[in-house]
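The values are calculated or read from the model by the stated rules, or taken from the named source; none is laboratory data. None of these values were measured; they are calculated from a predicted model. Because the Cβ atoms are built from the backbone with ideal geometry, glycine has one as well, and the counts that use them run over all protein chains shown. In case anyone asks, the SASA skips ligands and DNA or RNA and just uses the protein heavy atoms, side chains included. Shrake-Rupley method; radii C 1.70, N 1.55, O 1.52, S 1.80 Å.
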Amino acid sequence: MGKIQAFFHYLAHLEWTEKVQTHCTFCDRSKFEANIVYEDDSLLAINNRSKAGLHHWLILPKSHRWRDIEVLVSEDAHLVQSMIRLKEQLLEKHCSTVSPADVHTGFHRGRRIFFRKVYWPDIVSIHHLHMHVIVEPRFWLKFFKYPSWLPLMWKSEKQVERELNERTKRSAKG
């Protein structure tokens, strides 16, 4: 019963108006320095402090240029592709025997206008683009907090990549 109550509490406390964060956790390395599992010139991968599975990594650009997936444009396709390549490297290094079916990857949906100044709920807890990679996810968390079945809350990395590639093709034609 506690999980159901927690889920309804979560839904009741979503932000229905624009939420502005004045401090970014991902821009302050002291908040996650010990959790870094990968770093290069443009990307970081960190262990999520609230694991939703055997492994739960967050892959993010070092730059705070992107708030969430809703602001990505066709020119950002390379960024998402590099995040996906990093996911594949982490999986090969840390859990090469895990089936792809046991890996849940994607992004929480960000701020989108619903009507005038009313927005769809802002699912993103930290306004700095980041991709979740969850290995062997816990059922309840996968179903409710990282729900591939609910596109209002979650998009897979492949769906984001596909949409950006389609935008790139349209802009090349137009």
Condition met for LEU129 (open to solvent by less than 80 Å² (accessible area, probe 1.4 Å), modelled with pLDDT of 90 or more and in a helix (DSSP H, G or I)): no
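Out of PRO100, PRO137, report the one residue that is at pLDDT 90 or above and surrounded by 21 or more Cβ atoms within 10 Å (Cβ to Cβ). Spell out the reasoning first.
Details: PRO100 fails: surrounded by 21 or more Cβ atoms within 10 Å (Cβ to Cβ).
Being at pLDDT 90 or above and surrounded by 21 or more Cβ atoms within 10 Å (Cβ to Cβ) holds for just one of PRO100, PRO137, which is PRO137.
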- prompt: Do you know which residues across the range 137-174 are closer than 27 Å to PHE8 by Cα and either without any contact (Cβ under 8 Å) to a residue 12 or more places away in the chain or in contact with a His (Cβ under 8 Å, 6 or more places away or on another chain) (or both)?
  reply: PRO137, PHE139, LYS142, PHE143, TYR146, PRO147, SER148, TRP149, LEU150, MET153, TRP154
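Do the conditions hold for SER148, that is, is it surrounded by fewer than 20 Cβ atoms within 10 Å (Cβ to Cβ), over 21 Å from ILE46 (Cα atoms) and among the hydroxyl-bearing types (Ser, Thr, Tyr)? It would help to see each step written out before you state the result.
Working: surrounded by fewer than 20 Cβ atoms within 10 Å (Cβ to Cβ): yes; over 21 Å from ILE46 (Cα atoms): yes; among the hydroxyl-bearing types (Ser, Thr, Tyr): yes.
So SER148 fits the description; yes.
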- request: Return a yes/no flag: does the range 41-49 have any residue that is at pLDDT below 95, part of a helix (DSSP H, G or I) and open to solvent by 60 Å² or more (accessible area, probe 1.4 Å).
  value: no
- request: Go through the residues of the range 68-81 one by one and say whether even a single one is surrounded by fewer than 20 Cβ atoms within 10 Å (Cβ to Cβ), at pLDDT 85 or above and not in a helix (DSSP H, G or I).
  value: yes
- prompt: Quick one: ARG111 ticks every box in (1) assigned to a helix (DSSP H, G or I); (2) of a type in the set (Lys, Arg); (3) open to solvent by 40 Å² or more (accessible area, probe 1.4 Å) bar one, so which box is it?
  reply: (1)
task: Any chance you could count how many residues in the range 114-126 are among the hydrophobic types (A, V, I, L, M, F, W, C), in contact with a Phe, Trp or Tyr (Cβ under 8 Å, 6 or more places away or on another chain) and in a loop (DSSP other than H, G, I, E, B)?
output: 3
- request: Go through (1) part of a helix (DSSP H, G or I); (2) farther than 16 Å from HIS55 by Cβ one by one and return the number of the condition PRO147 breaks.
  value: (1)
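Go through the residues of the range 19-29 one by one and say whether even a single one is assigned to a strand (DSSP E or B), open to solvent by less than 40 Å² (accessible area, probe 1.4 Å) and touching a Leu at 6+ places or on another chain (Cβ under 7 Å).
Step one: of the range 19-29, the residues assigned to a strand (DSSP E or B) are none.
No, that holds for no residue.
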